[in-house]
Amino acid sequence: MNPTGKKRFKEAILNNDIEYVLSEARDQIAAGAHVLDVNTGLPGIDEVSVMLSTVRSLQKTFPIPLQIDSGNPAVLEKAIRYYNGKPLINSVNGKEQVMRDIFPIVRKYGGVVIGLTLDENGIPSTAEGRLAIARKIVETAALCGIERKNIIIDALTLTISSQQKEAMEAVRALQLIKDELQVKTILGVSNISFGLPRRELINAAFLASALSNGLDACIINPLSSQIMAVYYAYRALAGFDENCLEYIEKYMHSETDDSATNAVIPVSKPVIRPSDRENACGNADLRAIIINGMKGQAREAAGLLLETKTPLEIIDEYIVPALDEVGKDFEEGRKFLPSSS
């Protein structure tokens, strides 16, 4: 959830279009995301206010954990202050001033922090250099009362189009860091392919290599079919997916049908019949809109349903079942409803 290189997301942040932000979150969660990285850093905005508003809106709507991502300590502390649960903080690095600014916040709020292997001299070109910075981060964190279990080290993915010789050092650093420091590791996968065509192919190959070298977590786009295919395949190969049940469920019906590739795609806008609209925006969609708190879409979905159903039918068939499910989730602790304040 980051505006960098994403024009539409950037516009949503600038225009306070929280409905778009929530729709992006919903799509990523549906695609398999376990944590949402939330970054609202843009020039000329009140980042503290925007980050806080975004975190609150996401937490009111989805139960998924969030990673608070900012280079501004004031933004991190404000967001973490209002975050429900144990925060994941992105990030600290090996610079002395940055560690002095960030570690007290991590200690105060009991969070987990990502440590980037760079310092005043930049990013080391070798795996050994990155290990040395990781060691400094872990040792300094210990002096601040932060345990290793609350540190995740990012060996930093470089771009092969400009730093091809150094790029795979991040993968080599993973095992060095895990063996010596006994901490978890993370990488931002897509950084590897900036400036290249068909980036998803490079990203997928890089992710497979990193996972084979002990990567514990990855910052990825879960809407990329190639990336997620690598993820599910690796879990099956490594024994994390017992009896390959997750893989089978995901792909047992996804074999390519050659006949499907010969479809005729209409150039003109297709005519949408009332029944088609109901399938597109009614049924489970209206219920899902209510359950997920997507109030900006509820009016349109209800309006389309009114073409074929009475108001009472919509209430009985969609609104009441959705509210029942929200209430059940609330009672069982899966959903938290916002207070009036």
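Taking trypsin sites (Lys or Arg not before Pro) as exposed when their DSSP state is a loop state and no more than 15 other Cβ atoms lie within 10 Å, the longest site-free interval of the chain runs over 7-197. For Phe9, Phe194, the ranking by accessible surface with the largest value first comes to Phe194, Phe9, using a 1.4 Å probe. Taking amide H as placed 1.01 Å from N in the peptide plane, Thr185 has its amide H under 5 Å from the amide H of Ile153, Asp216, Ala217, each at least 5 places away in sequence or on another chain.
The candidate values are (1) 39, 27, 19; (2) 33, 23, 18; (3) 42, 25, 19; the one derived from this structure for semi-axes √(5λ) of the Cα gyration tensor in Å carries the label (1). For the Cα atoms of the chain, what angle does the longest principal axis make with the long axis of helix 169-181, in degrees from 0 to 90, nearest 10? In the chain, helix 169-181 runs at an angle near 70 degrees to the longest axis.
Glu96 sits with roughly 80 Å² accessible to a 1.4 Å probe, with DNA, RNA and ligands left out of the calculation.
Heavy-atom surface analysis with a 1.4 Å probe gives the chain a carbon and sulfur content of 54 percent of its accessible area.
Under the simplified labelling scheme, the Lys60-Leu143 pair shows an inter-label distance of 4.3 nm, with each label point 7 Å from Cα along Cα→Cβ.
Take every Cα pair under 8 Å whose residues are at least 6 apart in sequence, average their separation, divide by the length of the chain, and the relative contact order is 11 percent.
Annotation: extensible slack from Ser254 through Asp101 equals 50.2 nm (criterion: 0.36 nm per residue apart, minus Cα-Cα distance). For Asn93, the residues 5 or more places off, or on other chains, whose built amide H falls under 5 Å of its own are Met99, Leu116. Axis of helix 127-143 versus longest Cα principal axis of the chain: the two differ by about 90°, to the nearest ten degrees. Accessible surface of Tyr234, taken over heavy atoms with a 1.4 Å probe and every protein chain present, rounds to 60 Å². Compared with the dominant Cα axis of the chain, that is its longest principal axis, helix 295-305 is turned about 30°. The dipole here belongs to the chain: it is taken about the Cα centre, uses +1 on the Cβ of Lys and Arg and -1 on the Cβ of Asp and Glu, and is about 860 debye. A 1.4 Å probe run over the chain, with the rest of the protein chains in place, finds 55 Å² accessible per residue. What 222 nm value per residue comes from the helices of the chain, counting each DSSP H run with n ≥ 4 as -39,500 (n - 2.57) and dividing by all residues, nearest 500 deg cm²/dmol? Helix contribution divided over all residues of the chain: -15500 deg cm²/dmol.
The values are calculated or read from the model by the stated rules, or taken from the named source; none is laboratory data. All values derive from a computational prediction rather than experimental measurement. Cβ atoms come from the backbone with ideal geometry, glycine included; neighbour counts cover every protein chain shown. SASA here: full protein model, heavy atoms, side chains in, ligands and nucleic acids out. Shrake-Rupley method; radii C 1.70, N 1.55, O 1.52, S 1.80 Å.
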